[in-house]
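The values are calculated or read from the model by the stated rules, or taken from the named source; none is laboratory data. Small disclaimer: the values here were computed from a predicted structure and weren't measured. Cβ atoms come from the backbone with ideal geometry, glycine included; neighbour counts cover every protein chain shown.
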Amino acid sequence: MMMRRKMVLRVVSKLLIPFILLFALYVQWHGDFGPGGGFQAGVIFAAAFMLYGLIYGLGTLREALPSWVTRLVLSLGVLLYAGVGVVCLLLGGNFLDYDVLAHDPLHGQHYGIILVEFGVGLTVFAGIITIFCAFAGRAAADVNPHDPEETARAGDD
Amino acid sequence: MNVEIVTSDLLNVATLVIMGITGLAIARIRNLFAVVMLSGIYSLMGATLYVILDAVDVAFTEAAVGAGASTVLMIGTLALTSDREKATPNARAIKGLFVCTLIFAALVYGSIDMPLYGDPSAPVHNHVAPRYLGESMGEIGLPNVVTSVLASYRGYDTMGETFVIFTAAVGVLTLIGRARRKKGGKDGGSGS
């Protein structure tokens, strides 16, 4: 899009994006020991991709992260969350009662919380990317009506 | 000790004053691009306030969502609509001022009954919070009690919130996700 030729932005974002992703993973997996958790991690992970999309254009973002992937991840997250609850039911506990997930209730709680937070992270990440691409795709179609190639790719979500 | 209290008071006052100024500027400015940027600053100051209140998890979320993601989404929306706000006729502005004053008065009246900040006898500190703080280490075993409450004690609520985000994304996809794929000269040709 319009920022394709901005050299400084491209170089700096290329340097920053891996660290943003790494930080998101840290927030995801250390949410039980420090501040953070699935929701924050999902947003930060999505922010890295949003930055990529802003600098390199929506088409490039969609090549790296096709819309079927975000749609799949979007539903996988809630399925994982609810699935942990159902597994608890099957193991004889209450819905989302993680005590039954392992022999030691404390371990069970820990497994349950990590899985559930991961589910939250997946859904939040995919949800934000989906909303961003929907809005930006619509805007790209408005700004650039005579470029059907870009419009088709950008609007494909 | 005394110096510490004064510093945190100063920080509180400064943050709130900046938030107030930002809010007034948002109400006054007609250029919506500036308004979006100011609302990002407002969220950032909100996050600072949460840090001062020791609510780091909330501050984290506010900074990431309020100042980060939603600012980008707002700019995306501006690209779809217009970046100038229409002027409101004076008669309507006065009606709006009246409604706002009324709601402000009601909120102030409601907050008179609320316990003071940090009051140890406030209901919020005597209901379930002592149990969470005292026993979550033995029951859940996580050092971050916020995560224990969020994901385990209140796991059902968090699942609801996750479904809300899922539903929001699906809603946006349904409404504007697939629009204008088969683009011709005409406007109405949405491809869903």
Is there any pair linking a residue in the range B:145-164 that is more than 7 Å from chain A (Cβ to nearest Cβ) to one that is surrounded by fewer than 21 Cβ atoms within 10 Å (Cβ to Cβ) and aromatic (Phe, Trp, Tyr), with Cβ under 9 Å and at least six apart or on different chains, and which? B:Val145/B:Tyr132; B:Ser148/B:Tyr132; B:Val149/B:Tyr132; B:Tyr153/B:Tyr132
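One line per residue, one yes/no per condition, for (1) in a helix (DSSP H, G or I); (2) surrounded by fewer than 16 Cβ atoms within 10 Å (Cβ to Cβ); (3) more than 9 Å from chain B (Cβ to nearest Cβ); (4) on the phi > 0 side of the Ramachandran plot:
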{"position": "A:Gly31", "(1), (2), (3), (4)": "no, no, no, no"}
{"position": "A:Pro35", "(1), (2), (3), (4)": "no, no, no, no"}
{"position": "A:Phe49", "(1), (2), (3), (4)": "yes, no, yes, no"}
{"position": "A:Trp68", "(1), (2), (3), (4)": "yes, yes, yes, no"}
{"position": "A:Gly83", "(1), (2), (3), (4)": "yes, yes, yes, no"}
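Just checking, which of A:Val43, A:Val100, A:Val87 is modelled with pLDDT of 90 or more and surrounded by fewer than 22 Cβ atoms within 10 Å (Cβ to Cβ)?
That would be A:Val87, the only listed residue that is modelled with pLDDT of 90 or more and surrounded by fewer than 22 Cβ atoms within 10 Å (Cβ to Cβ).
This table checks each residue for (1) at pLDDT below 90; (2) within 14 Å of another protein chain (Cβ to nearest Cβ).
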| residue | (1), (2) |
| --- | --- |
| B:Ala27 | yes, no |
| B:Phe33 | no, yes |
| B:Thr48 | no, no |
| B:Ala79 | yes, yes |
| B:Glu85 | yes, no |
| B:Leu102 | no, no |
How many residues are loosely packed, with under 14 Cβ neighbours inside 10 Å and under 26 Å from A:Gly137 (Cα atoms) when one looks only at the range B:78-110? 5
Please determine whether any residue of the range B:119-131 is among the charged types (D, E, K, R) and modelled with pLDDT of 85 or more. yes
